[in-house]
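Here is the structure we will look at, set down as structure tokens.
The values are calculated or read from the model by the stated rules, or taken from the named source; none is laboratory data. Source: prediction; values computed, not measured. Positions of Cβ are generated from backbone atoms using ideal geometry, with glycine treated the same way; all protein chains shown enter the neighbour counts.
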């Protein structure tokens, strides 16, 4: 039986891993990007691919904590920039691989949490926020796609 929560989880998985209607998923876009490339800023004033990936992961980890542990959703934009945009640190291939694995793992954990959340709760207000879970969860998918598009443009600029 299809439910809204299952549909949102499906859309998140497509945005992250494949068979997205719009084009390449985040995993497909990230394919072949080295740590050195991920840390570059080919467009002045833009975030690097690595920074964007860490930011995407942050914006999946926060709702995951809210869904699974009842932790109030923080206003990431209102916090220190290092929270919303975690620092990259040393740009090694091992750290780049780990960052990707962590982001996709967090995304899958969030998709599973969304599937089990229950459509009847989608209208409830997210703890710590002034909007419903419905808005938050669709927003995570939209946010992932938005920054995935930026990563695709940065990858093209690196070529």
Listed by first then second residue, the pairs whose first member lies in segment 119-130 and is surrounded by fewer than 12 Cβ atoms within 10 Å (Cβ to Cβ), whose partner is part of a loop (DSSP other than H, G, I, E, B), with beta carbons under 8 Å and at least 6 positions apart or on separate chains, are 127/70; 127/71; 127/72; 127/73
Can you tell me which residues in segment 131-140 are part of a helix (DSSP H, G or I) and either touching a helix residue (DSSP H, G or I) at 6+ places or on another chain (Cβ under 9 Å) or in contact (Cβ under 8 Å) with a residue 12 or more places away in the chain (or both)?
-> 133, 134, 136, 137, 138, 139, 140
Determine whether segment 104-113 contains at least one residue that is over 30 Å from residue 37 (Cβ atoms) and at pLDDT 95 or above.
-> yes
Consider residue 91 carefully, then state whether it is at pLDDT below 95 and touching a helix residue (DSSP H, G or I) at 6+ places or on another chain (Cβ under 6 Å).
-> yes
Among the residues of segment 112-130, how many are assigned to a helix (DSSP H, G or I) and within 15 Å of residue 68 (Cβ to Cβ)?
-> 5
Right, residue 20: buried (at least 16 other Cβ atoms within 10 Å of the Cβ) and at pLDDT below 95 or not?
-> yes
If you scan segment 1-17, which residues turn out to be surrounded by fewer than 20 Cβ atoms within 10 Å (Cβ to Cβ) and either more than 13 Å from residue 144 (Cα to Cα) or in contact (Cβ under 8 Å) with a residue 40 or more places away in the chain (or both)?
-> 1, 2, 3, 4, 6, 7, 10, 17
Can you name the condition, by its number, that residue 155 falls short on among (1) surrounded by 16 or more Cβ atoms within 10 Å (Cβ to Cβ); (2) modelled with pLDDT of 95 or more; (3) under 16 Å from the mean Cα position of the chain (by Cα)?
-> (3)
